[in-house]
1. In nm², what is the average projected area of the convex hull enclosing the Cα atoms of segment 59-125?
2. Give me the 1.4 Å probe accessible area per residue for the chain, excluding ligands and nucleic acids, in Å².
3. Residue farthest toward the positive end of the dipole of the chain, with Cβ of Lys/Arg at +1 and Asp/Glu at -1: which of Phe62, Ile15, Ala103?
4. Please give the solvent-accessible surface of Phe72 in Å², to the nearest 10, using a probe radius of 1.4 Å with every protein chain present.
5. Given the pairs Lys63/Lys91; Lys27/Lys92; Lys63/Lys94; Lys19/Lys94; Lys19/Lys69; Lys126/Lys147, which span a C-alpha to C-alpha distance of over 20 angstrom in this model?
6. Quick one: in the chain, what % of C-alpha pairs are over 24 Å apart?
7. Rank by packing, highest mean first: peptides 73-81, 93-101, with packing defined as the count of other Cβ atoms within 10 Å averaged across residues.
8. Specify which residue in the list Ala49, Ile77, Leu4 is farthest towards the positive end of the charge dipole of the chain, using unit charges on the beta carbon of Lys, Arg (+1) and Asp, Glu (-1), about the Cα centre.
Amino acid sequence: MSLLKGLYIRSRITINPDKVYRMAMTKLNTSAGILEVMGAPLTGTALRAYVMSGGGLILKNFKPTVRSKRCFLIFPILGSERKGLVSVEVKKKKGQYDMRLLAVDIPMASGPDQRLFLIGDEEEYKVGGGLISELRDPVVKAMAASKEFDVLDQIEEEEDAERELQEAERKHREEVEKLEKGGS
């Protein structure tokens, strides 16, 4: 019985980043404003970064209490017209997920990125000493690196195809030479 109690208590205080991701994607895919700017359907990628904070026991008025846990999550998103970077902050209160921030940074062709807030505002974005913006930099670098890797992969595939073609031509010439020698 104590195992079940432990599991129940754990489920009430821990945050599952995958669930936070699914909640954010649901909200994004049902937001007319985001869909209009980015194009439907919106899809996420396997690249995600998150930080957990809070939790644990503290003494409040001489009574032990459990501090609320927070999850800061950031991930790229792809629409049919544009791509963006999603920032999410969730707090778990009394066993329920409370989304405090849901914002999308959309790179614009000219000028600075456009930040659209579905939940929260610029003040919420700066919570925790700008923790979300600290998470943002490595994710942006990883996204840029994936573009570079795609270009390198394309070059490599073209080189492989050229080598295979040359090899096939060489084998064909050798077979023709064997046939000519055998026929004379």
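1. Working: hull surface 24.5 nm².
One quarter of the hull surface, i.e. the mean projection, equals 6.1 nm².
2. Details: 12440 Å² over 184 residues.
Ligands and nucleic acids excluded, the figure is 68 Å² per residue.
3. Phe62
4. About 10 Å², ignoring ligands and nucleic acids.
5. On the way: Lys63/Lys91 22 Å; Lys27/Lys92 18 Å; Lys63/Lys94 17 Å; Lys19/Lys94 17 Å; Lys19/Lys69 14 Å; Lys126/Lys147 29 Å.
Distance filter (> 20 Å) returns Lys63/Lys91; Lys126/Lys147.
6. On the way: 9300 of 16836 pairs.
Of the Cα pairs, 55 percent sit more than 24 Å apart.
7. Values: 73-81: 19.6, 93-101: 12.9.
Packing proxy ranking, top to bottom: 73-81, 93-101.
8. It is Leu4.
The values are calculated or read from the model by the stated rules, or taken from the named source; none is laboratory data. Only a predicted model underlies this, so the values are computations on that prediction, with no experimental measurement involved. Counting neighbours? That spans all protein chains shown, and the Cβs are built from the backbone with ideal geometry, glycine included. Each accessible area value is taken on the protein alone, full model and side chains, heavy atoms only, with ligands, DNA and RNA left out. Shrake-Rupley method; radii C 1.70, N 1.55, O 1.52, S 1.80 Å.
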